[in-house]
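Have a look at the structure below, then the notes.
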Amino acid sequence: MSFDVQAGLDWHNYTSNMHRFFRDFDAYPPDWDGMDRYEVAERIDAALTMIESNDLGALKAEYDAPNGWGSVETAIGFLRSVRDSCRQVVPKRVRVLS
């Protein structure tokens, strides 16, 4: 299973294996469904600030998926990509299919 997120004109897909990481940093994609894209971008910025205040090695040890499908580094990249797409002009709302 994965998270399929439409933000701006782009679609993003990421494994749900990292759901605990996303929840722990208040960046759980299903929570974004129907939200204003600017609100989602702000939430992701706040999550990234929290994530970046931690030691990357410790985060990887705690959250990297044991089966190899999902890592802290790629999850951070996913969050940045969704955030950047949220700053595009249209559409205004974020969609998530899970």
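Values computed for the structure shown
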| quantity | calculated |
| --- | --- |
| Odd one out for residue 19 among (1) in contact with a strand residue (DSSP E or B) (Cβ under 8 Å, 6 or more places away or on another chain); (2) surrounded by 15 or more Cβ atoms within 10 Å (Cβ to Cβ); (3) of a type outside the set (Phe, Trp, Tyr) | (1) |
| Qualifying residues in region 22-65 (those that are among the β-branched types (Val, Ile, Thr) and open to solvent by less than 80 Å² (accessible area, probe 1.4 Å)) - the one nearest to residue 94 (Cα to Cα) | 40 |
| Of residues in region 66-80 being in contact with a strand residue (DSSP E or B) (Cβ under 6 Å, 6 or more places away or on another chain) and open to solvent by less than 50 Å² (accessible area, probe 1.4 Å), the one modelled with the lowest pLDDT | 70 |
| For residue 2: the one exception among (1) at pLDDT below 95; (2) closer than 18 Å to residue 88 by Cβ | (2) |
| Candidates 31, 55, 64 - the one that is touching a Ser or Thr at 6+ places or on another chain (Cβ under 9 Å) and free of Cβ contacts under 8 Å to residues at least 24 places away in the same chain | 64 |
| Residue pairs meeting the criteria (Cβ under 9 Å; at least 6 apart or on separate chains; first among the aliphatic types (A, V, I, L, M), in region 2-23; second open to solvent by 20 Å² or more (accessible area, probe 1.4 Å) and assigned to a helix (DSSP H, G or I)) | 7/81; 7/83; 7/84; 18/63; 18/74 |
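The values are calculated or read from the model by the stated rules, or taken from the named source; none is laboratory data. For clarity, every value in this text was computed on a predicted model and none was experimentally measured. Heads up, the Cβs are rebuilt from the backbone with ideal geometry, glycines too, and the neighbour counts pull from every protein chain shown. All accessible areas refer to the heavy atoms of the entire protein, side chains included, with ligands and DNA or RNA removed. Shrake-Rupley method; radii C 1.70, N 1.55, O 1.52, S 1.80 Å.
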